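Novice: For reference, the structure I am asking about is given below.
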Amino acid sequence: MATLRFSRGLFGKPPDPALLERLLHELALWDKRDARIMTLSGGMKRRVMIAKALAHEPKILFLDEPSAGVDVELRHGMWQMVRRLRDAGTTIILTTHYIEEAEEMADRIGVMRSGQLVVVEETCMLMRKLGKRQLSLSLAQPLAELPGALATLPLALSDDRQSLIYTFDAHAGDAGIASLLARLGEHGIAWKDLATRESSLEDIFVDLVHGART
């Protein structure tokens, strides 16, 4: 607690014991409020750093992998707190390797490759521009190979030859699925089940980092 009071005072903020107590509870540090920092574990020390950063109610907050090394329950609690700060108007600049958290939390995303920013975009627009959807068709009978007449389509045969994977623009007006199914029927290719999957931010991130998209 003393560390947070000192940190808040450095920024000329008046005492606010209720705020500091709430921070310690939200970061699961209340039981350690009187402990010396050197006696805390690495994960707890990281939480103390976050509490110090929040103690003076900043308008801009930089968080460098804040959830690394903390357990799942605490991570969820931490992100609830970050959401409240964001919704209250705090600008948060976050670096993270937890892509699902970035997808859920960030209004705007930047992806770095070899030390260079390869894209900076609003999350919804990034998903719209680079996201793809895949239709997986489970075949009634395995195929030895894809018919040459279908080679011009964004269609692939799975490694086990039991499925066809059709990739299309999730936001296109005409995905071409009806035409695909008709052409499969023309070639006597029967299917028994289908499922769709849309690109996650992690899929897009992996493609960008490995240079598949620019």
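Derivation of every value follows stated rules applied to the coordinates shown; laboratory data play no part. Predicted model, so just to flag it, every value in this text is computed and none were measured. Quick reminder, even Gly has a Cβ in these numbers, built from the backbone with ideal geometry, and neighbours come from all protein chains shown.
Novice: From the phi of every residue in region 105-113, what ³J(HN,Hα) in whole Hz does the Karplus formula 6.51 cos²θ - 1.76 cosθ + 1.60 yield, where θ is phi - 60° and glycine or proline is x?
Specialist: 9, 7, 7, 9, 10, x, 10, 10, 9
Novice: Another question about this same structure. To the nearest Å, what is the center-to-center distance of region 24-62 and region 184-200, using C-alpha atoms only?
Specialist: 52
Novice: Also, quick follow-up: When N is the residue count of region 52-132, what does its C-alpha Rg come to as a fraction of 2.2 N^0.38 Å?
Specialist: Region 52-132 yields a ratio of 1.16.
Novice: Also, quick follow-up: Along the charge dipole of region 2-95, pointing to its positive end and built from +1/-1 on Cβ of Lys, Arg, Asp and Glu, which listed residue (GLY9, MET44, HIS56) has its Cα farthest out?
Specialist: GLY9
Novice: Kirkwood Rh over Cα pairs of region 2-95 into Stokes-Einstein at 25 °C, 0.890 mPa s: D in µm²/s?
Specialist: In µm²/s, the coefficient rounds to 181.
Novice: Next up: Only four residue types carry charge here, +1 at the Cβ of Lys and Arg and -1 at the Cβ of Asp and Glu. Report the dipole size of region 2-95 about the Cα centre in Debye, rounded to the nearest 20.
Specialist: 220
Novice: Reported to two decimal places, what Rg/Rh ratio describes region 132-198 when computed on Cα atoms with Rh from the Kirkwood expression?
Specialist: With Rh from the inverse mean 1/r over Cα pairs, Rg/Rh is 0.93.
Novice: Please compute the modelled spin-label separation between ARG84 and ASP160, points set 7 Å along Cα→Cβ, answer in nm with one decimal.
Specialist: Between ASP160 and ARG84, the simple spin-label model gives 4.7 nm.
Novice: While we're on this one: Amide H to amide H under 5 Å from TRP191: which residues, 5+ apart in sequence or cross-chain, H placed 1.01 Å off N in plane?
Specialist: The answer is ALA140.
Novice: Could you tell me what % of all Cα pairs in the chain have separations over 24 Å?
Specialist: Percentage above 24 Å: 59.
Novice: Further question on the same structure: Which cross-chain or sequence-distant (5 or more) residues have an amide H under 5 Å from the amide H of LEU63, H modelled 1.01 Å from N in plane?
Specialist: Correct list: ILE93, LEU94, THR95.
Novice: Which angle from 0 to 90°, rounded to the nearest 10, does the C-alpha axis of helix 72-87 make with the longest principal axis of the chain?
Specialist: It is inclined by approximately 80 degrees.
Novice: Then there is this: Where does each of VAL72, VAL111 land when they are ranked from fewest to most other beta-carbon atoms within 10 angstrom?
Specialist: Least crowded to most crowded, the residues run VAL72, VAL111.
Novice: Can you work out ³J(HN,Hα) from phi for every residue in region 94-101, in order, using Karplus 6.51 cos²θ - 1.76 cosθ + 1.60 and θ = phi - 60°, giving whole Hz and x for Gly and Pro?
Specialist: These are the phi-based 3J(HN,Hα) values: 10, 10, 7, 9, 8, 5, 5, 6 Hz.
Novice: Can you tally the net charge around MET78? Count Lys and Arg as +1, Asp and Glu as -1, for every other residue whose Cβ sits under 9 Å from the Cβ of MET78.
Specialist: After counting each charged neighbour, the total is +1.
Novice: Suppose every K and R has +1 on its Cβ and every D and E has -1 on its Cβ; what is the size of the dipole of the chain about the Cα centre, in Debye to the nearest 20?
Specialist: Dipole of the chain, to the nearest 20 debye: 960 debye.
Novice: Additional query: Based on the Cβ-Cβ distance from TRP30 to GLU65, what FRET efficiency comes out when R0 is 25 Å, to the nearest 0.05?
Specialist: 0.60
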